[in-house]
Every structure is written in C-alpha cells, then in structure tokens.
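These notes concern the structure reproduced below.
The values are calculated or read from the model by the stated rules, or taken from the named source; none is laboratory data. Only a predicted model underlies this, so the values are computations on that prediction, with no experimental measurement involved. Neighbour counts run over all protein chains shown; Cβ positions are idealised from the backbone, glycine included.
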Amino acid sequence: MKKEIAFFDFDGTITKKDTLLEFIRFSKGSFRFYLGFFINLPYLVAFKLGVISNQSAKEKILRFFFHDTSVTVFKQYCETFSKQVLPKLIRPKALEEIERLKKNKTIVVVVSASPENWIENWTKNLQLELIASRLEVKDGKLTGKIVGKNCHGDEKVSRISQVYDLRDYYIVSAYGDSRGDRPMLQLAQKPYYKPFN
C-alpha cells in the first residue's frame, strides 16, 4: 500500500532563523562571529552578486570557523546546541504540522542545506528522516569543506531521488521558504511556500 511522504526544508521553514549562523554564534561567541563575517565579507558580497556559488561562500565560512576543529569537540558543540538552542528556534506551527502528519502515518523527511551534525539529534528524537549537507573530515578533524554538493536547490531534488522513488507514494508534500527550496517544491503535488511565517 502506498504511503504519503512530506519533505521539509529546515532553516527558515521549521526554524525561525538560519541555524548555521546561530550555531557559529553559539560555538564561537558573538565577537568572533561578527569579526569572522566582517573578514569574509568580500566572499559574501561575491555570492550575492552571483560571482561565486552558494557552496563556495559556505565553505569559506565553514573553513574560517571550523578548519582543524576536532570531530569530538565539534560533536559536543552540536549536541549542546541541539538541546539548549535549537528548541527555541523551532516554529510552533511547523512542529504542529509535523506531529499532524506523523499521526496520519506520513513519512516526514527534513531536507537541509545546513550540515546534518546539529540537526540529526533533533530529527531522531522526533523520529523523522534526514537528508542534509555533510562536512568533510580528515584525520579526525573538520576541513571546512562539504562532502559532494551542498544540499541546496537542485541538489535537494537529486538527494531525495537517491533515497526515495516518489512513484511509491500517493501524495507528496513539500514545505519551503526560499529560492533554494523551489526545485523541491516542484516535486510535490502539495507544495507549501512559507506556510508557517
């Protein structure tokens, strides 16, 4: 028997703020947060102007803040952030919709461009599935690079297709809030744009 499946963007759709920014602020402190973004301002401007890709800009930021960070230390930050900060960022209406879908036996999948590291504990606790960007690790330390492609835009569709055959589901829903979610929304019979704002 075919089931229903729903795909949710995370940052800005389920959450009120971008969790990558909030995680950097949490793990590095406000002073280093603002200093780091000031130093990397040329890359952010280049991204906004379309000179460099979303992935290139993101890797510049990740490399600046987390290059050579021990995986053990990073994991501790992620677990603490997931417990102490993330719950405050979740939109109540998004959580209500997720719980409603779960009661209807819908498979709920979070699809995020943010690294999976600080999202996975939250999704596991709610028994949700997760597709997200993955951070590269070498010799037990982060490199600041993303494994493969950043899970954004068309890559969201590609990653979904690698895991799910949508012909196996009788209703496909998708929830998003940005241009990077539009390809995923186009997959769905029931697309919802900024549904919880």
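Couple of notes before you dig in:
- Matching residues in segment 129-163 - criterion: being more than 17 Å from the chain's Cα centre (by Cα), part of a loop (DSSP other than H, G, I, E, B) and of a type in the set (V, I, T): none
- Test: residue in segment 97-107 that is of a type in the set (A, V, I, L, M), at pLDDT 95 or above and either in contact with an Asp or Glu (Cβ under 6 Å, 6 or more places away or on another chain) or exposed (fewer than 15 other Cβ atoms within 10 Å of the Cβ) (or both): no
- From V71, V45, residue being aliphatic (A, V, I, L, M) and either closer than 15 Å to T19 by Cα or touching a residue at least 24 places away in the same chain (Cβ under 8 Å) (or both): V71
- Restricted to segment 175-197, and to residues there that are in a loop (DSSP other than H, G, I, E, B) and charged (D, E, K, R), the residue that is surrounded by the fewest Cβ atoms within 10 Å (Cβ to Cβ) is K194.
- Within the set L62, L49, L21, L44, the sole residue that is surrounded by 13 or more Cβ atoms within 10 Å (Cβ to Cβ) and over 18 Å from the mean Cα position of the chain (by Cα) turns out to be L44.
- Single residue of V147, V137, V172, V111 found to be surrounded by fewer than 17 Cβ atoms within 10 Å (Cβ to Cβ), touching a helix residue (DSSP H, G or I) at 6+ places or on another chain (Cβ under 6 Å) and of a type in the set (A, V, I, L, M): V137
- Positions within segment 107-121 being in contact with a strand residue (DSSP E or B) (Cβ under 8 Å, 6 or more places away or on another chain) and assigned to a helix (DSSP H, G or I), in sequence order: E116, N117, E120
- Taking segment 1-42 as the range and being without any contact (Cβ under 8 Å) to a residue 40 or more places away in the chain and aliphatic (A, V, I, L, M) as the test, the residues that pass are M1, L21, L35, I39, L41.
- Residue count for segment 150-169, restricted to those that are exposed (fewer than 15 other Cβ atoms within 10 Å of the Cβ) and farther than 28 Å from N104 by Cβ: 1.
- Segment 1-49, residues that are small (G, A, S), in a loop (DSSP other than H, G, I, E, B) and over 30 Å from Q189 (Cα atoms): G29
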